[in-house]
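First comes the structure, then the notes that go with it.
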Amino acid sequence: MEAKNILDVQKFVLECNDMLSGKFLDLSKRLEKFLTVMTDSEDLLDFLADCLEDFDDEEEFSKAFSLDKSGNSRVAIPSDDKKRLALTVTIFNGISNGKINPNQFLETYFKDRKTTVMQNFLEKIIRPYRDLICKYFEISPNLTEDDIKKQLDEEKQAKLEEEQKAAAEQFPHLDELLEEIIKVCNQIMSLLKFEKHRTDVLDDVEFIVNSIIKACEAKDLMVVNGLVIGLNYVSKKFKNIKNFVKDLNDMIYNYYEYLASGTEEE
C-alpha cells in the first residue's frame with residue numbers, strides 16, 4: 001500500500017516497538033501516547049477506516065472475547081487481516097473511552113502460565129497489529145531510528161541532486177562561468193593588496209569582491225549579478241582593477257545573452 005507520508009507510518013512502527021518492550025504498568029496511560037502517534041498518520045487513519053467499514057465492533061468483540069458457562073475465558077481472534085486490525089482498534093477505543101477496564105480485560109482474557117498478562121497482551125494483540133501494518137505498508141518490523149535517519153539523509157541527498165540537475169538544465173555551463181568569475185575576483189584581490197593606503201572605499205571593494213566569491217560558491221547568479229553592479233560604482237577610483245571589473249560585467253552579460261538565445265531556439 002502506497003503512503004502519502006510513509007515517515008508518519010514508520011514513526012508509529014517505532015512506537016509499536018517501544019510499546020513491545022513492555023516497560024510500563026498502566027496500559028490505559030501507555031495507550032495515550034500510542035494512539036497519539038497512530039492518529040498523527042493520515043495514511044494509517046485512512047487504512048484503518050477502510051478496515052472498520054462494515055465492521056460491527058460489538059458483535060465482533062463478543063465473538064472474539066467471551067466466557068463459557070463455567071466462567072472460563074474464550075479468545076478467538078479473527079484470522080482475516082482487516083478484521084483483526086479492526087478488532088484491535090475496537091480494543092484501543094474501548095480502553096481509551098472507558099468502556100473496557102484494562103486490568104479486568106487483561107486478567108480475564110490474557111492469563112498465561114508462562115508470561116504476565118501484559119506481555120501476553122502485547123504478543124497477542126500489539127505485535128500482530130504492528131506486523132500487519134508493516135505488511136500492508138511494506139515496512140520492516142525491525143525498523144530503527146537509525147534506519148529512518150539514514151532514509152531521510154538519502155532522500156535529502158536525492159532531492160539535492162535533483163535540484164542540482166534542474167539548475168544545470170536551467171543554467172547550462174553555470175559552473176564554468178562561476179569558476180571564471182572566482183578566478184577574476186582572486187586576481188582583483190591580489191591587486192588590491194598593493195594599495196598603499198587603507199580607506200573605507202578600499203574596504204568596501206574588498207568586501208564586495210569577497211561577497212561575489214561567496215555568492216559564486218553558493219551558485220546564486222542573481223546575487224553575483226547584483227554585487228558586480230555594485231562593484232562598478234565603488235571601484236571607480238581603482239584604475240588597476242578596471243579591466244577586471246569590465247571582464248566580470250562582460251562575462252555575466254554574455255552568459256545571459258547565451259541563455260536568451262537558447263530559450264529562443266527552444
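Output the 0 to 90 degree angle, nearest 10, between the alpha-carbon long axis of helix 242-265 and the longest principal axis computed from the alpha carbons of the chain.
In the chain, helix 242-265 runs at an angle near 50 degrees to the longest axis.
Straight-line reach from K33: which aspartates and glutamates fall under 12 Å, measuring Cα to Cα and dropping same-chain residues less than 8 apart?
Candidates past the 8-residue exclusion: E15, D18.
Roughly what would the spin-label model give for L152 and M1, points 7 Å off Cα along C-beta, in nm?
So the two model labels end up 2.4 nm from each other.
For semi-axes √(5λ) of the Cα gyration tensor in Å, several values are listed as (1) 70, 20, 13; (2) 29, 24, 15; (3) 27, 21, 19; flag the one computed from this structure.
(1)
Grab the DSSP H runs of the chain that are 4 residues or longer, score each as -39,500 (n - 2.57), total them, divide by all residues and round the 222 nm result to the nearest 500 deg cm²/dmol.
-23000 deg cm²/dmol
Under the rule of at least 5 residues apart or a separate chain, name every residue whose amide H is placed under 5 Å from the amide H of F65.
The list, which skips near neighbours in sequence, is A76.
Give me the lysines in straight-line cross-link reach of K183: C-alpha distance below 17 Å, same-chain residues under 8 apart excluded.
Straight-distance partners of K183: K193, K214, K219, K242, K246.
Relative to the longest principal axis of the C-alpha atoms of the chain, give the angle of the C-alpha long axis of helix 81-96, reported between 0 and 90° and rounded to the nearest 10°.
For helix 81-96, the angle is close to 90 degrees.
How much length, in nm to one decimal, is gained on full extension between Q119 and L45, taken as 0.36 nm per residue of separation minus their Cα-Cα distance? Kindly include the intermediate steps, with their values, before the conclusion.
On the way: separation 74, 0.36 × 74 = 26.64 nm, distance 2.62 nm.
So the chain would gain 24.0 nm between Q119 and L45.
Can you tell me the 0 to 90 degree angle between the C-alpha axis of helix 145-170 and the longest principal axis of the chain, rounded to 10?
That works out to roughly 40 degrees.
Please go through the range 32-100 and write out the GluC sites (Glu not before Pro) that DSSP classes as loop and that have at most 11 other C-beta atoms within 10 Å. Provide the component values of the computation, followed by the final result.
On the way: sites: E32, E42, E53, E58, E59, E60; in loops: E53.
Hits after loop and neighbour filter: E53.
For the range 198-203, in order, what is each residue's ³J(HN,Hα) by Karplus, 6.51 cos²θ - 1.76 cosθ + 1.60 with θ = phi - 60°, in whole Hz (x at glycine and Pro)?
Once θ is set to phi - 60°, the couplings for the range 198-203 become 7, 10, 4, 5, 4, 4 Hz.
Compare the Cα positions of P141, N101, T115 along the charge dipole of the range 81-160 (+1 at Cβ of Lys, Arg; -1 at Cβ of Asp, Glu; about the Cα centre) and return the one farthest towards the positive end.
Value computed over the given set: N101.
All of the numbers you see were taken from the coordinates with simple rules; none came from a lab. Being a predicted model, the structure only gives us computed values, none of them experimental. Cβ: placed from backbone, ideal geometry, glycine included. Neighbour counts: every protein chain shown.
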